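This report concerns only the one structure given below.
None of the figures in this text is laboratory data; all of them are computed from the coordinates on show. Quick caveat, the model's predicted, so the values are computed rather than measured. Here the Cβ positions follow ideal geometry from the backbone for every residue, glycine too, while neighbour counts run over all protein chains shown.
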Amino acid sequence: MFKKGDSVICSDYGIGYVIAVDKTGAYPIHVEFQSDNSEVTYTSDGRSVEGGDITLTKENHNWKP
């Protein structure tokens with residue numbers, strides 16, 4: 001389970017940081033990425049598309065937005 005403040009990595013976008021977690025919705029996990037400071041949302045289990053592969057996992061790193 002992801003929570004606000006987790007350091008993460010995505011196979012598509014690289015390293016990032018969970019900036020928000022909604023209590024409802026299909027894509028409750030909000031992540032900001034170092035590569036271009038973009039924000040991407042994910043399902044609660046780390047999928048950028050429902051039914052797709054899990055691309056987001058927790059990863060220790062020092063970057064924060």
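Evaluate the chain: find the radius of gyration of its Cα atoms, find its Kirkwood radius, and give the ratio Rg to Rh.
Checking Rg against Rh, the ratio lands at 0.92.
Points 7 angstrom from Cα along the Cβ direction at Glu50 and Ser35: gap in nanometres?
2.5 nm
Under a GNM of the chain (C-alpha, springs under 10 Å), which listed residue has the highest mean-square fluctuation: Gly14, Gly46, Gly25?
Gly25
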